1. Could you please let me know if Ala44 is of a type outside the set (Val, Ile, Thr), touching a Ser or Thr at 6+ places or on another chain (Cβ under 9 Å), open to solvent by less than 30 Å² (accessible area, probe 1.4 Å) and more than 14 Å from the ligand (Cβ to nearest atom)?
2. Among the residues of segment 112-156 satisfying the criterion of being away from the ligand (no atom under 16 Å from the Cβ), in a loop (DSSP other than H, G, I, E, B) and not aliphatic (A, V, I, L, M), which is farthest from Lys12 (Cα to Cα)?
3. If you scan segment 89-132, which residues turn out to be in contact with a Cys (Cβ under 9 Å, 6 or more places away or on another chain) and either surrounded by fewer than 16 Cβ atoms within 10 Å (Cβ to Cβ) or without any contact (Cβ under 8 Å) to a residue 60 or more places away in the chain (or both)?
4. For Ala29, only one of the following conditions fails: (1) out of contact with any helix residue (DSSP H, G or I) (no Cβ under 9 Å at 6 or more places or on another chain); (2) under 30 Å from Ala5 (Cβ atoms); (3) not in a helix (DSSP H, G or I). What is its number?
5. Can you pull out every residue in segment 55-86 that is hydrophobic (A, V, I, L, M, F, W, C), within 13 Å of the ligand (Cβ to nearest atom) and open to solvent by 20 Å² or more (accessible area, probe 1.4 Å)?
Amino acid sequence: MSELAHRRILLKLSGEALMGSEDYGIDPAMINRIAGEVMEARQAGAEVALVIGGGNIFRGAGLAAGGMDRVTGDQMGMLATVINALAMQDALEKLGGKVRVMSAIKINDVCEDYIRRRAVRHLEKGRIAIFAAGTGNPFFTTDSAAALRAIEINADLLLKATKVDGVYDKDPKKFSDAVRFEELDHNEVIARDLQVMDTAAFALCRDHGIPLRVYDMSVPGNLMAILRGEPIGTLVRARR
Ligand code: UDP
């Protein structure tokens, strides 16, 4: 086994990442492909935790815009993340992975509760931990959950998988001269008002010095390349 640049990672996937070519829900081909990459990372020796969003099913803000009570909408959004986590657990298990879904909302008949020490133990034993139901609180996002859990489990890298190959100085879809950053520090992201994560999530990363890499998950092999230490996407970290 070759030396990995990262020992313990937390990978944040949006719910939309699971949609693939569909416009709602989960595309089996897509979830299987992502599961394959996660398994490859695990088999290479990385300890892998996942946080998956719920935007492919429900988002609280969208439901509230349609007239629903916001807290109820957010609870539905959090339950949507549990659905995605169960689907990912299944896809990983089909590939031979040992997986535990741990939920921030008690839902014991379908998965474990999130308990930090138990989560760390799962990772130490080589199990893939999927942290579901976000932070368990309305008015937060799964980006905040990813930052929070990454800090709690002492991950050495938080990975945000997106459809863009990093952080740009302006929207690369609108501006052909947009420039991608290879590396930024947290304060530069704030000063330049770059959209990396929502403010609460990003503040957690900054205050606790957790490095964050934003990368394009639609390119197969990127996750392993990052684990080998290749400079894929954009790294946001405290400058020494
Ligand atoms: N959510 C929440 N608290 C959390 C995490 C998520 O209330 O700690 C709800 C919120 O309604 C959110 C939805 O769950 O819109 C799905 O999560 P998110 O929007 O972060 O998913 P993604 O955009 O990553 O697919």
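1. When the stated conditions are applied, Ala44 passes them.
2. Ranking the candidates gives Lys125 first.
3. Going through segment 89-132, the residues in contact with a Cys (Cβ under 9 Å, 6 or more places away or on another chain) turn out to be 89, 100-103, 130, 132.
Of everything in segment 89-132, those that are in contact with a Cys (Cβ under 9 Å, 6 or more places away or on another chain) and either surrounded by fewer than 16 Cβ atoms within 10 Å (Cβ to Cβ) or without any contact (Cβ under 8 Å) to a residue 60 or more places away in the chain (or both) turn out to be Gln89, Arg100, Val101, Met102, Ser103.
4. So Ala29 meets the others, but not (3).
5. Selection gives Ile57, Phe58, Ala61, Leu63, Ala64, Ala65, Met68, Val71, Met76, Leu79, Ile83.
The values are calculated or read from the model by the stated rules, or taken from the named source; none is laboratory data. The model shown is predicted, which means the values in this text are computed figures rather than measured ones. Neighbour counts run over all protein chains shown; Cβ positions are idealised from the backbone, glycine included. The protein model used for the area step is the full one, side chains on, heavy atoms only, and it has no ligands, DNA or RNA in it. Shrake-Rupley method; radii C 1.70, N 1.55, O 1.52, S 1.80 Å.
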